[in-house]
Amino acid sequence: MKTFRNYLKTIPLAFILLTACSKDDDSLTQKESIYIATTELGMHSKSAVIKLWKDGKTTTVSDETYSAWARNMEINGDDVYIVGNRLNSDSNRQEAMVWKNNIGTKLSTTTDNAYAYDISIKNNDVYIVGSERIDGVDIAKLWKNGVATNLTDGSHNASAIGVFIDDNSNVYIIGTENRNAVLWKNGVAMNLTDGTQATYPRSIYVRNNTIYIAFQEYNTSNKFVAKLWRNGQISSLTDGTSHANTTSIYVDDLDNVYVIGYESNESGNQVAKLWKNGEVTNLSNGTESTTTEKVLVHDNDVYITGYGFNGSRDTAILWKNGELTTISEENKDTYATGIAIK
């Protein structure tokens, strides 16, 4: 578990971990197939392997020679893409990676750490965002079909966290620069807040020319507040009395807005949350720490991935309409991140 926790610390604000009761994964019924990118830790957390869960069965994606972590996934036709990172055991540096149909390709060229966080595919063009450390500074990056573009000039540490391509092929990227939240539209940057407090965006969705961004921001009491940015208008999802974080956002065809995240309770455990149009639903009971990762709405069903602690290990979780299913293999710490349905 230490390996995965240390990896998450490299991501701006990916706090940790998880869960509750569950039922068998064969309880899921679905016309299409459900795909979930997972990371599974080896014995004593010495290695991490990316696996693809599909309708209850798992296949190994990453080369078990290197530790690797999945962050998100997409499906384009018959091709399955997973983005994340691989630890180069020779240099002891993280490498930004994409796996297409279980074949890995390194995106980064730096000899220092690099990370890939999100992916979006439009018209067969593959957009991946992340960061690459060059000359001691983290540079926010976009890789389009494998070709890299710097989003920042290296004057401050920066990272690209999320990407969305609209129907007009506009490219929206969110990230951080010098602890400030930034939105890049077709490469042009704008700040999301006034910068008086540290702010970290986590997920973006664009529908009908409205831009939705889930993020968290420190308040004056040094607590993170979960927030929603909508075309420049900011609303708080939590009251700031305890730490809260967002992880993903989705907007359905009826313009319902789904934001997921987690909030600390009085015991210090993280409670998984879903906010639909600002109304909160607890996904876990708070007896153990539980967090969310991605949300997807398909045929009016709400799917959420995450992971949680069951008393002895961390388990990968899928919620369908609030009903929890454990999708982990026995005796191994496993973490569910990206999800796609086809």
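Taken together, the values in this text are just the output of simple stated rules run on the coordinates, not laboratory data. Keep in mind it's a predicted model, so treat the numbers as computed, not measured. In this analysis, Cβ positions are derived from the backbone assuming ideal geometry, glycine residues included, and neighbour counts consider all displayed protein chains.
When we measure straight from the Cα of residue 31, which lysines land under 26 angstrom away, once same-chain ones fewer than 8 places off are left out?
Correct list for residue 31: 23, 51, 54, 57, 100, 122, 276, 294, 320, 342.
Sorted from largest down, what three extents in whole angstroms do the Cα atoms of region 273-342 have along their principal axes?
Dimensions of region 273-342 along the principal axes of its Cα atoms: 35, 30, 15 Å.
Once you wrap a convex hull around the alpha carbon atoms of region 222-285, what is its projected area averaged over all directions, in nm²?
4.7 nm²
Find the percent of Cα-Cα distances in region 61-209 that exceed 25 Å, and round it to a whole number.
Counting pairs separated by more than 25 Å, the tail of P(r) holds 26 percent.
Would you mind pulling out the separation of the Cα centroids of region 147-225 and region 299-335, in Å?
28 Å
Add -39500 (n - 2.57) for each DSSP H run of 4 or more in the chain, then divide by its residues: what number comes out at 222 nm, to the nearest 500 deg cm²/dmol?
-500 deg cm²/dmol
If you line up the Cα atoms of the chain on their principal axes, what length do they span on each, largest first, in Å?
Projected onto the principal axes, the Cα atoms of the chain cover 48, 46, 38 Å.
Rank-order 316-325, 257-266, 51-60 by packing density, defined as the average count of other C-beta atoms within 10 Å over each peptide's residues, highest first.
In decreasing order of mean packing, 316-325, 257-266, 51-60 become 257-266, 316-325, 51-60.
Tell me, what is a quarter of the convex hull surface for the C-alpha atoms of region 35-90, in nm² with one decimal?
In nm², the orientation-averaged hull projection of region 35-90 is 4.2.
In 10 Å bins starting at 0, how do the alpha-carbon pair distances of region 160-218 split up by percent?
All Cα pairs considered, the percentages come to 25, 57, 17, 1.
Let's see if you can work this out: charge +1 on each Lys and Arg Cβ, -1 on each Asp and Glu Cβ, no other charges. What is the dipole magnitude of the chain about its Cα centre, in debye to the nearest 20?
460 debye
Can you tell me what the convex hull of the Cα atoms of region 161-269 projects to on average, as an area in nm²?
7.1 nm²
Based on the alpha carbon coordinates of region 115-200, what radius of gyration and maximum Cα-Cα distance (Dmax) apply, in Å?
Computed over the Cα atoms of region 115-200, radius of gyration and Dmax are 12.4, 40 Å.
I need the semi-axes of the equivalent ellipsoid of region 219-342: take the C-alpha gyration tensor, multiply each eigenvalue by 5, square-root it, list largest first in whole angstrom.
In descending order, the three semi-axes are 23, 20, 10 Å.
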